[in-house]
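A short write-up of the structure that comes next.
The values are calculated or read from the model by the stated rules, or taken from the named source; none is laboratory data. Just so it is clear, the structure is predicted and the values come from calculations on it, not from any experiment. Because the Cβ atoms are built from the backbone with ideal geometry, glycine has one as well, and the counts that use them run over all protein chains shown.
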């Protein structure tokens with residue numbers, strides 16, 4: 001695998017060169033300590049040091065609103081067409097937590113029957129990661145789930161070495177970009193500097209909740225009736241923010257719309273949230289998750305229990321967004337700690 | 001700048017309604033023929049029915065795959081789409097996705113006695129199995145069918161039910177919650193019928209389909225009869241929106257968080273007994 005070097009002074013040229021070919025998106029400062037992935041045209045738009053964006057980059061692969069089908073009902077027999085809007089694009093500055101999030105969604109949507117809309121958008125994107133040399137803030141728990149180091153999921157991966165980036169090339173698509181821009185190869189001195197960053201990270205990033213992640217499955221196995229859920233239910237306001245901002249949440253709803261011509265229409269997919277009161281209601285009125293406590297519990301099981309058996313990993317990447325966004329100050333770290341109390345699983 | 005995806009899982013198969021009949025005040029029966037061939041379903045599976053512009057809803061297939069070419073649905077006006085469906089008639093087109101879901105384990109049932117229990121609209125999915133069993137009657141041991149509904153007027157598939165009553169190779173009984181004075185059959189909950197059935201528990205598969213409230217009581221009766229938990233088969237109800245184990249609406253509160261649409265809707269009691277609600 002190749003490593004290339006990009007001087008920080010050359011970042012602007014790099015972004016501009018990419019932007020001439022395709023849409024380039026990157027984290028942008030939005031004020032009040034908030035950041036968002038947005039289209040950029042030069043490096044000065046980009047916030048290189050940022051806490052996780054309001055929405056994770058999943059919005060580019062699974063947009064908040066997207067058209068799945070178009071149909072025509074003007075004839076005797078209706079006609080339909082499955083469509084996707086998948087532009088060629090580059091996403092720059094994706095932290096390792098969000099790379100892990102994209103990998104989780106890749107697994108979900110490529111599982112048969114595959115979701116071609118998601119996969120098509122994903123394959124058209126050039127993904128460029130950016131390493132966190134230190135914590136973004138105290139809400140992150142990336143070390144708990146091992147998402148503080150890169151584990152693939154990118155074409156190019158940037159690590160800040162002070163005056164320059166060292167870029168790991170993970171795919172031929174990434175190599176073509178690096179070669180096309182004639183980025184020099186990394187020297188042994190650069191490689192040593194990268195090793196030093198990683199070594200330093202080992203000291204900085206420590207398990208954030210003091211509970212061995214290997215014990216979490218057992219903790220959740222016994223946790224269905226734990227009092228922490230009713231406590232969360234008492235505070236949760238069912239706004240659904242936690243799931244909207246989660247890099248691994250993908251629940252959705254669909255609805256048909258008829259156009260004004262009354263002859264054509266389309267089916268739209270929108271984000272949905274298991275935290276909303278009517279999420280598990282069936283026709284006839286039965287609600288299978290009526291209580292806020294049940295819905296919060298469901299969210300945590302969807303992160304720490306169920307995907308473990310199916311996908312061999314937690315569907316939490318430790319980004320901390322759910323905690324940061326929660327109006328009721330429900331903290332993922334505190335919830336896990338509370339759940340582990342009495343289990344004897346502390347380290 | 002959209003592109004067309006021909007292999008999209010969201011594509012619909014066009015189905016033409018070949019026959020439609022009102023069954024009760026709230027339920028209508030449809031026979032549908034797909035333009036592109038057979039549905040290729042198995043007993044216990046469901047389809048997503050699309051009414052263009054209205055939306056989509058999951059509906060159990062109530063016909064047996066042994067009767068190929070067309071399939072049947074029984075739809076109760078319960079939500080927006082199913083209420084709208086009541087206006088459909090022969091000749092109308094609908095969009096169909098599917099079949100979806102894990103079917104009843106018919107292969108495992110071969111050589112065993114069957115106790116088939118349906119409450120209310122549960123007869124719709126169970127009928128796909130009942131007719132499958134009728135068409136493959138030789139493969140199974142003793143067959144008991146228990147049916148419960150609110151009143152005699154609510155009974156679905158009345159003609160077929162009469163035929164089952166007459167057959168010598170199945171034992172059929174039915175009960176209503178309340179009957180008119182001229183009702184000569186049983187009155188009471190479906191659980192009251194189970195003690196009267198002779199069961200060899202080790203070689204019996206009990207298949208139970210009905211409203212969530214029914215499961216608890218029927219399972220208790222089956223447990224009293226010592227039917228093994230993995231031979232009690234349930235078909236659970238949830239809102240299965242996508243049918244592909246993705247949209248999240250049908251997940252069950254269970255340590256394994258089953259997607260009802262993909263891991264189910266049929267489950268053994270052994271699999272789902274840890275669920276906080278059936």
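Looking at B:108, B:156, B:147, which one is surrounded by fewer than 14 Cβ atoms within 10 Å (Cβ to Cβ) and either out of contact with any helix residue (DSSP H, G or I) (no Cβ under 8 Å at 6 or more places or on another chain) or at pLDDT below 95 (or both)? Residue meeting the stated conditions: B:108. From the list A:249, A:242, the one residue that fits, being within 13 Å of chain B (Cβ to nearest Cβ), touching a helix residue (DSSP H, G or I) at 6+ places or on another chain (Cβ under 8 Å) and surrounded by 20 or more Cβ atoms within 10 Å (Cβ to Cβ), is A:249. Looking at the structure I just gave you, is residue A:77 within 14 Å of chain B (Cβ to nearest Cβ) and either touching a helix residue (DSSP H, G or I) at 6+ places or on another chain (Cβ under 7 Å) or without any contact (Cβ under 8 Å) to a residue 24 or more places away in the chain (or both)? In short, yes.
Yes or no, residue by residue, for (1) more than 9 Å from chain A (Cβ to nearest Cβ); (2) buried (at least 21 other Cβ atoms within 10 Å of the Cβ); (3) modelled with pLDDT under 95:
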| site | (1), (2), (3) |
| --- | --- |
| B:220 | yes, no, yes |
| B:232 | yes, yes, no |
| B:237 | no, yes, yes |
| B:256 | no, no, yes |
| B:267 | yes, yes, no |
| B:276 | no, no, yes |
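Among the residues of this structure, residue A:179 counts as one that is assigned to a helix (DSSP H, G or I), assigned by TED's automatic domain parsing to the domain that holds residue A:128 and without any contact (Cβ under 8 Å) to a residue 24 or more places away in the chain. Considering the conditions (1) at the interface with chain A (Cβ under 10 Å from one of its Cβ atoms); (2) more than 21 Å from residue B:119 (Cβ to Cβ); (3) within 20 Å of the chain's Cα centre (by Cα), residue B:261 is excluded by exactly one of them, (1). Taking region A:241-320 as the region of interest, the helices (runs of 4 or more DSSP H) fully inside it that hold 3 or more residues being free of Cβ contacts under 8 Å to residues at least 60 places away in the same chain are A:292-304, A:306-311. Consider region A:212-239 and keep the residues that are part of a helix (DSSP H, G or I) and at the interface with chain B (Cβ under 9 Å from one of its Cβ atoms). The one that is nearest to residue A:51 (Cα to Cα) is A:220. Of the residues making up region B:1-34, those that are touching a strand residue (DSSP E or B) at 6+ places or on another chain (Cβ under 7 Å), outside any strand (DSSP E or B), facing chain A (nearest Cβ under 10 Å) and buried (at least 16 other Cβ atoms within 10 Å of the Cβ) number 5. Among the residues of region A:201-211, the ones that are assigned to a helix (DSSP H, G or I) and surrounded by 15 or more Cβ atoms within 10 Å (Cβ to Cβ) come to 1 in all.
Here is a yes/no grid of residues against (1) outside any helix (DSSP H, G or I); (2) under 22 Å from the mean Cα position of the chain (by Cα); (3) assigned by TED's automatic domain parsing to the domain that holds residue A:16:
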| site | (1), (2), (3) |
| --- | --- |
| A:69 | yes, no, no |
| A:76 | yes, no, no |
| A:80 | yes, no, no |
| A:97 | no, yes, yes |
| A:100 | no, yes, yes |
| A:103 | no, yes, yes |
| A:106 | no, yes, yes |
| A:112 | yes, yes, yes |
| A:117 | no, yes, yes |
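Checked against the criterion of being out of contact with any strand residue (DSSP E or B) (no Cβ under 8 Å at 6 or more places or on another chain) and surrounded by fewer than 14 Cβ atoms within 10 Å (Cβ to Cβ), region A:2-13 contains one or more residues that satisfy it. Does residue A:45 fit the bill of being surrounded by fewer than 23 Cβ atoms within 10 Å (Cβ to Cβ), over 19 Å from the mean Cα position of the chain (by Cα) and over 30 Å from residue A:260 (Cβ atoms)? When the stated conditions are applied, residue A:45 passes them.
Does region A:193-200 contain any residue that is in a strand (DSSP E or B), over 30 Å from residue A:332 (Cα atoms) and modelled with pLDDT of 95 or more? There is no residue in region A:193-200 that is in a strand (DSSP E or B), over 30 Å from residue A:332 (Cα atoms) and modelled with pLDDT of 95 or more.
Annotation for region A:40-62: no member residue is more than 25 Å from residue A:159 (Cα to Cα), free of Cβ contacts under 8 Å to residues at least 60 places away in the same chain and within 14 Å of chain B (Cβ to nearest Cβ).
Scanning region A:282-311 for residues being buried (at least 18 other Cβ atoms within 10 Å of the Cβ) and within 7 Å of chain B (Cβ to nearest Cβ) gives a total of 9. Within region B:35-58, not a single residue is more than 11 Å from every other protein chain (Cβ to nearest Cβ), over 22 Å from residue B:266 (Cβ atoms), in contact (Cβ under 8 Å) with a residue 24 or more places away in the chain and part of a strand (DSSP E or B).
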